[in-house]
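Structure first, then comments.
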């Protein structure tokens, strides 16, 4: 049970600190800090793992079980991504990136 909790915590940390994160350190301490923070709190859609055909995000390699916030259709497949940034990176060269998806 402790191992499952530890793995869950590690996966949650990966989601929070991996691709798709952006911190604007240039605005830290400025008068507009509160406004920037308010803009960063937008909610993203999440998708069920059962809806996609891949085990890993083809761009960054993160397991889709950690969370899917964007998807795309490619060659009769539905692929899940941890962020829109990763999806956009995949779409730049999908044939090369598809191998990293570990299809189900």
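The values are calculated or read from the model by the stated rules, or taken from the named source; none is laboratory data. Everything numeric in this text was worked out from a predicted model, so none of it was measured. Cβ: placed from backbone, ideal geometry, glycine included. Neighbour counts: every protein chain shown.
Assorted remarks:
- One residue stands out among those in the stretch 58-72 that are free of Cβ contacts under 8 Å to residues at least 40 places away in the same chain and within 18 Å of residue 7 (Cα to Cα): the one that is surrounded by the most Cβ atoms within 10 Å (Cβ to Cβ), which is 64.
- Residues that are assigned to a loop (DSSP other than H, G, I, E, B) and crowded, with 17+ Cβ neighbours inside 10 Å within the stretch 73-104 comprise 82, 83, listed in sequence order.
- Residue within the stretch 18-32 that is modelled with pLDDT under 90 and at positive phi present: yes
- Residue 61 vs. criteria in a strand (DSSP E or B), at pLDDT 90 or above and either at negative phi or under 11 Å from the mean Cα position of the chain (by Cα) (or both): no
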